[in-house]
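S.K.: There's a structure below that I have some questions on.
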Amino acid sequence: MQTTKKYTLGLFLVLITLFSCDDNGVLEISNTDQVSVADEAVTDSYFEDTDDLSMVAMASDDATMDGGRSSMGGRKILIGDLRLECADVEIVLSDDSQMAHPKGVITIDFGSGCEDKKGDVRRGKIIITFDGRRFLPGSSYVTTFENYSINDIKIEGARTVTNVNGSVEEHPSFTIVIEGGKATWPDGTFATRESNRNREWIRASNPVNDEWHVTGNAAGTNRKGVSYTMEITEALVYKRECAISNRIFMAVAGVKVLTTENRQKTIDYGDGNCDRTVTILINGVSKEMEVGQ
């Protein structure tokens, strides 16, 4: 009997750690779980942001424009991206670059501090090494960083994007692999990330309305040093209009399952609105929360 009481008390303490009650006695999701969700969402957001910036920068280079869209009058459709207005963009083609197969390096330099019109501050460089026309199968580009940060969160790692279904008219598809991904906050805490994903580019008549539908998985550690795995169970939807108009480059729809310490957390990103609100579901208990930067 004594042993049973100790076991019951231990189980009770574990439950208190996982859940707490508010002033009305309603069961709530623990702060630890909320931190895990926020870290994963923010890290994902910043890596997606840099990838989109890379695609915008590549679209500005005539040498990599194969498959680029034009208006009915034949003019190229350019994207007014506020994130790049204060940056210096340099394009250097390789000696063996050809019109049929361009190669080179694009450097987006934000210098010692560059604030865009939406208030985001970026520093350092995003470096894009491209090989081939971006809409042709087999073409690829690798994004790396040199002392790069956004809003004082430093981003590291290598992101390799490969075209697996290139088309001018259909939706191009890309595989995206992150190796050595790391986001470091000003207080020195950090989250790591490795991932393997597939991204489908849903192109609209106006590029500002483009969407990306992403599937795949990721793994790493959060800011508390806890290991996690992540699986997308319902395609995540990212919208360029949210990044340009609302400073939000995180998923606005879709579902993922985050697992830490053998505990699963389902994260629902909503119905497509440009906001930072997600719904967490753990063991039948749900909670809405806003994921900050």
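S.K.: Could you line up 110, 190, 130 from fewest to most neighbouring Cβ atoms inside 10 Å?
M.R.: Fewest-to-most Cβ neighbours within 10 Å comes out as 190, 110, 130.
S.K.: Here is a follow-up. What distance in nm separates the simple spin-label points at residue 175 and residue 219, each placed 7 Å from Cα in the Cβ direction?
M.R.: Distance between the two pseudo-spin positions: 1.7 nm.
S.K.: Apply the Karplus curve 6.51 cos²θ - 1.76 cosθ + 1.60, θ = phi - 60°, to the phi angles in segment 230-236 and return the couplings in whole Hz, x for Gly and Pro.
M.R.: Result, rounded to whole Hz: 9, 10, 7, 9, 9, 2, 7.
S.K.: Please give the length that would be gained between residue 121 and residue 100 if that part of the chain were fully extended, namely 0.36 nm times their separation in residues minus their C-alpha to C-alpha distance (nm, one decimal).
M.R.: Full extension from residue 121 to residue 100 adds 3.9 nm.
S.K.: May I ask you to sort 36, 94, 139 by Cβ crowding, counting other Cβ atoms within 10 Å and putting the fewest first?
M.R.: With the fewest neighbours first, 36, 94, 139 line up as 94, 139, 36.
S.K.: Using +1 at the C-beta of Lys and Arg and -1 at the C-beta of Asp and Glu, which of 230, 253, 283 has the Cα lying farthest in the positive direction of the dipole of segment 219-286?
M.R.: The listed residue farthest towards the positive side: 230.
S.K.: Further, regarding this structure: Mind sorting 228, 238 by how few other Cβ atoms lie within 10 Å of their own Cβ, fewest first?
M.R.: 228, 238
S.K.: Whose amide H sits under 5 Å from the amide H of residue 97, counting only residues 5 or more places off or on another chain, with H placed in the peptide plane?
M.R.: Amide H neighbours of residue 97: 103.
Laboratory data are not the source of any read-out in this text; all were calculated from the coordinates shown. Values in this document were obtained by computation on a predicted structure and should not be read as measured data. Methodologically, a virtual Cβ is constructed for each residue, glycine included, from the backbone with ideal geometry; neighbour enumeration extends over all protein chains shown.
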